[in-house]
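What follows is a single structure, written as structure tokens, with notes after it.
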Amino acid sequence: MRKILSIYILSLIVVSSVMAADEVKYTTVSKSKIYEIRKYPDRLVIETETSDQNSGFKRLFKYISGNNKGNRKIKMTTPVTQVEKNGSMTMQFYLPSKFKKYNTPSPSNSDVKIINIKGGYYAVIKYSGSDNTASFQRHKILLKSYLRADKILIISSPIRASYNRPFTLPKLRRNEVMFKIDINL
């Protein structure tokens, strides 16, 4: 009985840590067996170029922890995304929806930028497990091939989206590959 109770409590802790952050809102437009198409509104992010995940994450985390010109702490949201821009990897944190350009504290670090991502349609494939490069590449190729077969035009670099804290068990992790697409719905 103790063992069952311990497993139950541990699972509650894991699930609560998985669901701790607010998620960026979107509308699911359609689903196939492999991927779904979502419509996202405009959204505000902080971003930084990074040569590795740790340095980019730390820089952005410092910003939301109060290292900004207003010394304001900002609640973390999910996903954390990475996308290639101009030959460099860029990491992004989405800001909570209450933030607009006019009420977002300016970064103290010049390597952190605030940008608005225009809304639009995105094709998304979900996967669990470790969010390593091999897994991302495999799912990116899979999604790209299905989109091509379905004659859906890809208009962005692949976006790597991670939803969970690093200590979340790999089996319970939610990872995604996303492409902005051009479709008429």
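The values are calculated or read from the model by the stated rules, or taken from the named source; none is laboratory data. All figures in this text were calculated on a predicted structure; none of them were measured in a lab. We place every Cβ from the backbone using ideal geometry, glycine too, and count neighbours over all the protein chains shown.
Test ILE74 against the stated conditions and say whether it is of a type in the set (A, V, I, L, M), closer than 20 Å to GLU176 by Cα and out of contact with any Cys (no Cβ under 7 Å at 6 or more places or on another chain).
It is false that ILE74 is of a type in the set (A, V, I, L, M), closer than 20 Å to GLU176 by Cα and out of contact with any Cys (no Cβ under 7 Å at 6 or more places or on another chain).
Give just the number: which of (1) touching a residue at least 60 places away in the same chain (Cβ under 8 Å); (2) of a type in the set (D, E, K, R); (3) more than 20 Å from TYR94 (Cβ to Cβ) does GLU176 not satisfy?
(3)
When segment 139-164 is examined, which residues are found to be loosely packed, with under 15 Cβ neighbours inside 10 Å, over 21 Å from TYR40 (Cβ atoms) and either hydrophobic (A, V, I, L, M, F, W, C) or in contact with a Lys or Arg (Cβ under 9 Å, 6 or more places away or on another chain) (or both)?
Residues satisfying the conditions are ILE141, ALA149.
Among the strands (runs of 3 or more DSSP E) confined wholly to segment 1-85, which include 2 or more residues that are of a type in the set (A, V, I, L, M), modelled with pLDDT of 95 or more and more than 19 Å from LEU172 (Cα to Cα)?
Fully inside segment 1-85 and qualifying: 43-50.
Within segment 97-119, work out how many residues are in contact with a strand residue (DSSP E or B) (Cβ under 8 Å, 6 or more places away or on another chain) and either free of Cβ contacts under 8 Å to residues at least 24 places away in the same chain or closer than 22 Å to ASN175 by Cβ (or both).
Qualifying residue count, segment 97-119: 1.
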